[in-house]
Amino acid sequence: ISYVLRSVDASGNVGETAARAITFAQQDVTGGVYYWTPNANGGINRFEFGVAGAHAERFLNVGNTAGTVCLGCHTLSRDGTLIAVGEDTPTTRFEVFDIATRSQRFLLRSMGGSGPLGGAQQSDFPACGPDNARTVGSSFAGLRFFSGVDGAPIEEGVTGAAASMPDWSPDG
């Protein structure tokens, strides 16, 4: 649909907008979109499509995660059942949650140089594998792979150099 808005001011002058277009999907859009909001302490909001009267809701924040300063770097699993979230600035931990229940599947943290993530800022931008069997976190030492079930380390420092913002191809 193409449309133009017109109005008349108090003097009788007619104003007109440029033509605009609206496109409609042939099928219903359903599911949710998850997005970071840069407000106090950051957080992840969710908007549910296909629900009459739906409003964006706060999905995760520092109150219901291990994050203390900020959370926002996140990714959804390909099947939409899990969300992996990087927390704090610099990112020193990531958590994986079940989407349906918002329950924590596991938490990986680094507090200065020990633990499965190594040193600080070792879990930026986590990603879920296509079958949810593995997750990956980026770090100054490279990509670090973990079990998608319990966060147990699988491989560390795969690239041998700093890495960030990993993603997985749909076919693994």
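The values are calculated or read from the model by the stated rules, or taken from the named source; none is laboratory data. Values in this document were obtained by computation on a predicted structure and should not be read as measured data. Heads up: the accessible areas ignore ligands, DNA and RNA and are worked out on the full protein's heavy atoms, side chains in. Shrake-Rupley method; radii C 1.70, N 1.55, O 1.52, S 1.80 Å.
May I ask you to give the percent of accessible area on the chain that is carbon plus sulfur, with a probe radius of 1.4 Å? On the chain, the fraction of accessible area on carbon and sulfur atoms equals 53 percent.
Heavy-atom accessible surface of residue 28, to the nearest 10 Å², is about 140 Å², with a 1.4 Å probe and all protein chains retained. Protein heavy-atom accessible surface, 1.4 Å probe, per residue over the stretch 131-172: 53 Å². Over the Cα atoms of the chain, Rg to Rh with Kirkwood Rh, two decimal places? Taking Rg over the Kirkwood Rh, I get 1.17.
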